[in-house]
Amino acid sequence: MHPSIERRVAFLLDQAKGYEQHCDYAAALVLLRTAERVAPEDIQHRPDAHAILHTVAKCGRRTVAAEATQLASRVGLLLN
């Protein structure tokens, strides 16, 4: 039996948060993109996903930050 989509997304976001805390922004972004593929609406509406995206866009290297900004745009999140 597979975990529900909501549980999979929660797990992916928990992993992304761990990578973010270790300043591995590229790995955090990979997990955010995976979560987006699984359930884009969850990324749109979860504040923890927004917080991770914001940090990755702000602190990641240029290409990682640019990809995070694009992901944020796709899910309707405006980054300051």
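Indicate the gyration tensor shape class of the range 7-80 (rounded, prolate or oblate), computed on the Cα atoms with a ≥ b ≥ c the square roots of the eigenvalues: a/c under 1.5 is rounded; otherwise a/b larger than b/c is prolate and the rest oblate. Note, shape of the range 7-80 comes out oblate.
For the chain, the membrane-span-like helices by this rule, meaning whole DSSP H stretches whose C-alpha atoms cover at least 15 Å of axis and whose Kyte-Doolittle mean is -0.5 or above, are 25-38, 47-59, 62-74; this says nothing about an actual membrane.
Computed from label points 7 Å out along Cα-Cβ, the spacing between Leu79 and Asp48 is 2.0 nm. Considering only the other residues whose Cβ falls under 12 Å of the Cβ of Ala72, what net charge follows from Lys and Arg at +1 and Asp and Glu at -1? It works out to a net charge of +1.
Just the number please: accessible area per residue for the chain, 1.4 Å probe, all protein chains included, in Å². Intermediate values should be presented prior to the final figure.
Numbers: 5210 Å² over 80 residues.
I get 65 Å² per residue for this part.
The values are calculated or read from the model by the stated rules, or taken from the named source; none is laboratory data. Predicted model, so just to flag it, every value in this text is computed and none were measured. Backbone-built Cβ (ideal geometry, glycine too); neighbour counts: all protein chains shown. These area figures cover heavy atoms from the full protein model, side chains too; ligands, DNA and RNA do not enter into them. Shrake-Rupley method; radii C 1.70, N 1.55, O 1.52, S 1.80 Å.
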